[in-house]
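Step one of this worksheet: look at the structure below.
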Amino acid sequence: MKYIIWFGDITSANQGLVGGKNASLGHMIINLADKVAIPDGFAVTVDGYWHFLKSSKLVEPITQLINAIDINSIVSLKEHAREIRAHILASEFPQDLRDEIISAYQSLSEKYKQENIPVAVRSSATAEDLPTASFAGQQESFLHEIGPNALLDAVRKCMASLFTDRAIAYRAEQGFDHMSVALSVGVQKMVMADDGAAGVAFSLDTETGFKDVVMINGSWGLGEAVVKGVVTPDEFVVFKPLLYKKFKPIIKKKIGRKHIKMIYDKEQNKVFSITTPKDQRDSFCLSDEDILELSRYVCIIEKYYSSKEHRWMPQDIEWAKDGVDGKIYIVQARPETIYGAKKTSTFFQTFHLLENRQELTELANGISIGQHIISGRAHVITSVEHIASVKEGDIIITHMTDPDWVPAMKKAAGIITDRGGRTCHAAIVSRELGIPSIVGTQDGTERIKNMQAITLDCSQGEVGHIYEGAIPFEKKTIELDQLPKAPVKLLVNIAEPTRAFTVAQLPVKGVGLARLEFILSNQIGIHPMAIVQFDGLTKEDQKVIAQKAAAYESSKQFFVDTLAQSIGMIAAAFYPHEVIVRLSDLKSNEYRNLIGGQQFEPVEENPMIGWRGASRYYHPEFEKAFALECEAFVKARTKMGFENVRIMVPFVRTVQEAELVIDIMAKHGLQKGKDNLQLIMMCEVPSNVLLIDQFAQFFDGFSIGSNDLTQLVLGVDRDSAILSKQFDERDPAVKKMFKMAIEGAHKYQRYIGICGQAPSDYIELAQFLIDNGIDSLSLNPDAVIPFLQKMPLKGKKYEET
């Protein structure tokens, strides 16, 4: 046929006839069909597009209308674009082109043994899906088209969509000649995701550019709900290096608010939205096996294109799970254009609010996109018809965006939407424009007043915050290559897993302290004994826990999986470097604040030196809770594959307690030396220093906790404002303890580092520790760069072995 090419016949010689999207499908079907499931189909070529325009005498009027557009005027753009599309939609295909499209459709139906097979009809422009310009969503797609007439109408609409407002504006910005860009149309067997699921996957972390993960967004029903930001989707993250080694490294599973589901109605012959049934809202749209299989597909596709182009080619992929056969299919793949086209940078940016967050008024929060802070005037718009009112520097607040919003988004300083996820239109375009956005706030349009001053803070990890008023902030750009090198191994402390990929960009060699307290308090929020003794809880607490764990088989699985995934997220960010994760060290007053906590916790006068750390793990009233924690570590290390995780035991008061803890950990699957497991002890009680020779028989190394050690050596409550001047890690008695600990550890060939705040605050104390042979300093993330800027310190330069 003259105007049709089957996907399986697309070669490098004819890919210019089918555009980027169809060419990609052709490459994958030819080269990857034995490894990746891809529905077959065909392309209406650009020759067919030009044949249609010329036979209908449309080239001249379209050219005249294009030349008449004032690209800086939204009104002019809308009027002229609408008139061009009207010309195309009113024209008929020439008979030969019409016959070829129908003939190819009939052949596709016969291949799948169906009469009038449902198809997806998608645009594939010749300037689309290039490595440097994504054209994401610029043209239209049409799903579930059934029968020759419906297909012809959809192809015509696709061709007309080359002249949507957003497509014209985008080409103008990218410097493409409108009449040199042509459109091919892809016709592909429809994956019946109505009763399945669909969404988007990226072969990198879209926020940081971290290369070693697959990020998946998905929802029940057709994928348009995810792409267009109609729903806040489920999110899954998988670590690629361990996936290759046959582990199951799912390091994140976050359930989305999938309140809407897009399906096809056979009777009305159209796609529309329904309310998602509660059981689907409360469950993940993909099983663990589905997540891993889809991730393998993504890795195969990325590897193929990277090999083909002789450079890293991260991919932006659309997928669908068929509700009939239960299989996952890849329906599109295109180059990711933000990080894939960016040269490797050694610049590191930090943003910091200059006012205390606790004293600010938070108006709303949602999913953070962009890692920046900006202030500006809120412009609440609920309809695309009013985007002409957007001024330069406004922060747009709306329900959701689609490609028609792009002209206004280019003027905005930031975007806030009620709906959408990390891969929705608003998020993708915000990244392309280099502006921050917060999506999925649910009610931002109601809680933020039009024209009020607001501050949009995306600097704190996964959750973005919108504050009342224009809050002053500080922005710093540091060239990492220009920082001096420390004369000792530098590690970092971390508490929030969602910040791990960003923190890992710092010039450090691993994690000296990963705290579980944030995960237990914020991401889980349930007292572990409330899970063990669920039946004994109040009905109110049972209801809250059941809702939190609704997507899991049990509340126990929710606890273990969430903790294991959080540990895995941190371990993945720094892999293969060491990541020392401290066992839980919440105090009784902190445990009481968790759901069900008051039922299991005593009221202590001084929780800081009360029932905390190691003393809990073997206690009859807590051992079953500790068993859940151990199960999470076992899963992270053995099932997910993160053998770079070391485990640190806090607040061990006596040698007998050390022995009890070691035994109880082994009982629950964490045996020192097994699967290369190393156990570290916090050196934070004076007895740890005085008897370090005995403690060294149980542990592979030590980490000085300067805060608690200072408190206990000086007898000063570290939380006391009155005694704050007496709390000083530079006191001679404290320094003597530091020196004794280092000498004692080295005498017995044990590693020793420090993970307290002291070296960050006092450069002279860091020098003292280095002089005495400390093996590593672990600093808080915000202290790493200022610490290095205070260099050079004296000492033997650290070199990694």
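The values are calculated or read from the model by the stated rules, or taken from the named source; none is laboratory data. Just so it is clear, the model here is predicted, and its values are computed rather than measured. When we count neighbours, we look across all protein chains shown, and the Cβ atoms used for this are built from the backbone with ideal geometry, even at glycine. With ligands, DNA and RNA removed, areas are computed over all heavy atoms of the protein, side chains included. Shrake-Rupley method; radii C 1.70, N 1.55, O 1.52, S 1.80 Å.
Ordered from largest to smallest accessible area (heavy atoms of protein chains, 1.4 Å probe), the residues LYS228, LYS57 come out as LYS57, LYS228. Of the chymotrypsin sites (Phe, Trp or Tyr not before Pro) found in the stretch 618-663, none is in coil by DSSP with at most 13 other Cβ atoms within 10 Å of its Cβ. Amide H contacts for MET648 (H built 1.01 Å from N in the peptide plane; partners 5 or more residues away or on another chain; cut-off under 5 Å): VAL581, ARG582, LEU583, ILE680. Cross-link reach is defined here as a Cα-Cα straight distance under 13 Å, omitting same-chain residues fewer than 8 places apart; for LYS270 the aspartates and glutamates meeting it are GLU145, ASP194. Judged by the mean number of other Cβ atoms found within 10 Å, the most tightly packed of the peptides 313-321, 254-262, 7-15, 719-727 leads the ranking 313-321, 254-262, 7-15, 719-727. Extending 7 Å from Cα along the Cβ direction at GLU392 and again at ASP99 yields two label points whose distance is 5.7 nm. If one computes the Cα centroid of the stretch 83-109 and of the stretch 244-287, what distance in Å separates the two points? A separation of 34 Å, based on Cα centres. Straight Cα distances below 19 angstrom link LYS548 to the lysines LYS252, LYS253, LYS254, LYS258, LYS278, LYS539, LYS556, with same-chain residues fewer than 8 positions distant left out. Relative to the longest principal axis of the Cα atoms of the chain, the long axis of helix 288-309 makes an angle of roughly 70 degrees. Against the chain, whose longest principal axis comes from its Cα atoms, helix 95-111 is set at around 50 degrees. Looking at the stretch 671-757, the DSSP beta bridges with both ends there are about 0 percent antiparallel. Using a Förster radius of 30 Å, what is the FRET efficiency between LYS485 and LYS639 based on their Cβ-Cβ separation? Nearest 0.05, please. Here the calculated transfer efficiency is 0.20. Accessible area per residue (1.4 Å probe, heavy atoms of protein chains only) ranks TYR748, TYR264 as TYR748, TYR264, with the largest value leading. The distance between label points at HIS352 and GLN557 comes to 4.5 nm (points 7 Å beyond Cα on the Cα→Cβ vector).
Here r is the Cβ-Cβ distance between ASN676 and ASP34 and R0 is 45 Å; the resulting FRET efficiency, rounded to 0.05, is 0.80. Remark: the stretch 423-480 carries a charge dipole of roughly 100 debye about the Cα centre, counting +1 on each Lys and Arg Cβ and -1 on each Asp and Glu Cβ. Evaluated with a Cβ-only charge set (Lys, Arg +1; Asp, Glu -1), the chain carries a dipole of roughly 1140 debye about its Cα centre, given to the nearest 20. For GluC sites (Glu not before Pro), the sites in the stretch 532-607 that DSSP calls loop and that have at most 13 other Cβ atoms within 10 Å are GLU553, GLU605.
Order the following by accessible area, largest value first: ILE664, ILE609. Probe radius 1.4 Å; ligands, DNA and RNA are ignored.
Largest to smallest exposure gives the sequence ILE609, ILE664.
The simple spin-label model puts a point 7 Å past each Cα toward its Cβ; for VAL603 and THR63 those points are separated by 8.7 nm. Rounded to the nearest 0.05, the FRET efficiency derived from the C-beta distance between LYS509 and GLN280 at R0 = 45 Å is 0.50. Our note on the geometry: Cα centres of the stretch 759-777 and the stretch 6-48, 60 Å apart. Using a probe of 1.4 Å, the accessible surface attributed to MET1 totals some 120 Å² when neighbouring protein chains are kept in position.
Between the stretch 605-679 and the stretch 387-404, the alpha-carbon centres lie 51 Å apart. Under 18 Å from a label point set 7 Å out along the Cα-to-Cβ vector of TRP312, the amide N atoms of the stretch 439-483 belong to 480-481. On the chain, 48 percent of the accessible area sits on carbon and sulfur atoms, based on a 1.4 Å probe. Per residue, the chain exposes 40 Å² of accessible surface when a 1.4 Å probe is rolled over the protein heavy atoms with every protein chain present.
Helix 74-89 sits at what angle to the longest principal axis of the chain, using alpha carbons and giving 0 to 90 degrees rounded to 10? Orientation of helix 74-89: about 50 degrees from the principal axis. Per residue, the chain reaches -9500 deg cm²/dmol at 222 nm when only DSSP H runs of four or more residues are counted, each adding -39500 (n - 2.57).
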